[in-house]
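The values are calculated or read from the model by the stated rules, or taken from the named source; none is laboratory data. Given the structure is predicted, the values throughout are model-derived calculations rather than measurements. Positions of Cβ are generated from backbone atoms using ideal geometry, with glycine treated the same way; all protein chains shown enter the neighbour counts.
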Amino acid sequence: MYVPKPNSIFTHDSISVVFFRFGSAISRLILQTGEIHRERERERPREMPGVAVKLYSVFFKFLLKHRLQNLIQDPLDESTPFGVTSRPEETVASANPLFTDGVATKDIHIDPFTSLSIRIFLPESALTPLESDSNPSSKSSRAKPKRPNQDAQPDLVNQNLNNLQPYNTRRNSYGPSGNSAEEPRTSRYGGYSNEMDGLNLISGAATGGVYRGYAPATENSRRLPVMLQFHGGGWVSGSNGSAANDFFCRRIAKLCDVIVVSVGYRLAPESRFPAAFEDGLTVLNWLGKQANLAECSKSLGNAIDSDNEFKKSDSHGHIVDAFGASMVEPWLAAHGDPTRCVLLGVSCGANIADYVARKAVEAGKLLDPVKVVAQILLYPFFVGSVPTHSELKFANSYFYDKAMCLLAWKLFLPEEEFSLDHPAANPLASGREGPPLKLMPPTLTVVAELDWMRDRAIAYSEELRKVNVDAPVLDYKDAVHEFATLDILLKTPQAQACAEDIAIWVKKYISLRGHEFSY
């Protein structure tokens, strides 16, 4: 195994630059090829991944191996227990608190003792006045106000979901499908759909500046389900603010009509197991704390407003900390509905989501008002000591082969705990702690045909169905690991179709009565 020397011309920076330029060229080639052959693909079965994807996969593996080797060789800085949530080579998308493309975002550091952070994705459908939710006719007659002038930030991925054409995904479904009648999947919210301009300017007394972002009203706000999202990256890379994850979360927020809270958990090897799992649970508890603080803040505000002696703005009714800052997150307080909470995990993030779901079941009413109503596992990072058929057949598969994934597990698990049947790695291993499977929430599992981890994810879903848990599987043909979330594959029709399928299923559990989408 070749390990670059410090004086090698193949430095980390040079390899990253070459890889980035090559990846951009390959990405354009994939999109152009898809446009040329899209009509032809509808008429005949799709072939295996094209030459462009295979070539990109080779360079992807080379860079990933280089990164893993560097992490193994570089000694850890024990003086920084704070942890890291992203790598310098990561392409980052800046948060934008304006509804430039239909979704506003903000970053929050929620733990003073670690680097744990979140990014909130608020879809502009939350701006719909509450009374219009129950009156469909008012939506069509309401005029769309003009958006405020603003310098729109360039989208790092240049997304345009409306331009994607219908596509036959050639995926198989396992498990109960419920009612087969499907309503048309049309957006109920187009553009700015409230009477306000959606942009409040708040002056900052301390800085003398102005916050140019969305500040919600405290009354008559529409509440949306909250989805906790855990990104992938094999425990050692990825971030909640990466361009690819930002694109994916925006897509999910729009299609599912939810507030996405993407978790920036600590990465290995700086923070090994159970750091990432604890971070996921910390965010769930933080969400419950926010819900309780928002209720207290609302009660305090009502008490102040009812006193004629104190005519103050709503902001004075907020609970503040010792430094005078508001402890209540305004977007979640105004628009979040914690009683409809969904967990979504991508690759290794699916392992975190499943762990958080088990802990939520154990906690029960202690988490009130937070209720986890469903979870979505996208190609989970499950392994085991006994190889499955897909592990034997696709061990050297695209992008993430088995050898490199096992190396990532060695970086994540402490040396004394390393085992392929570790509870964090194998959900079906004997001695699994936690609640019985029959108490788990409804679980949608998404797998890819050419992913070596496919069979173990399906096996876990089968065990859930045996105890009468709603646990269907979406098996996408000719798809690779992270086909719906990897930067170069985000704009493919298959990635778009996967997000739409997720939206159809999850609306069974998060939609208010009368607005369910059948799956």
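In table form, for the structure just shown:
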| item | result |
| --- | --- |
| Condition broken by N285, with the remaining ones in (1) at pLDDT below 95; (2) surrounded by fewer than 19 Cβ atoms within 10 Å (Cβ to Cβ); (3) not in a loop (DSSP other than H, G, I, E, B) satisfied | (1) |
| The one condition in (1) without any contact (Cβ under 8 Å) to a residue 12 or more places away in the chain; (2) buried (at least 20 other Cβ atoms within 10 Å of the Cβ); (3) of a type in the set (G, A, S) that G431 fails to fulfil | (2) |
| Extreme residue, nearest to R272 (Cα to Cα), among residues of the stretch 392-410 that are of a type in the set (A, V, I, L, M) and in contact with a helix residue (DSSP H, G or I) (Cβ under 7 Å, 6 or more places away or on another chain) | A408 |
| The lone exception for G324 - which of (1) of a type in the set (G, A, S); (2) on the phi > 0 side of the Ramachandran plot; (3) modelled with pLDDT of 95 or more it fails | (3) |
| Tabulated pairs, the stretch 435-464, first buried (at least 24 other Cβ atoms within 10 Å of the Cβ) and outside any loop (DSSP other than H, G, I, E, B), second modelled with pLDDT of 95 or more and charged (D, E, K, R), C-beta under 6 angstrom, 6+ apart or interchain | V447/R454; V447/D475 |
| Some residue of the stretch 338-349 being in a loop (DSSP other than H, G, I, E, B) and at pLDDT 95 or above | yes |
| Members of the stretch 398-423 found to be among the small types (G, A, S) and buried (at least 21 other Cβ atoms within 10 Å of the Cβ), listed by number | A408 |
| Residue pairs meeting the criteria (Cβ under 7 Å; at least 6 apart or on separate chains; first more than 10 Å from H335 (Cα to Cα) and surrounded by 10 or more Cβ atoms within 10 Å (Cβ to Cβ), in the stretch 208-221; second modelled with pLDDT under 65 and among the hydroxyl-bearing types (S, T, Y)) | V210/S203 |
| Matching residues, the stretch 465-481, being out of contact with any Asp or Glu (no Cβ under 7 Å at 6 or more places or on another chain) and surrounded by fewer than 24 Cβ atoms within 10 Å (Cβ to Cβ) | R465, K466, V467, N468, V469, D470, P472, V473 |
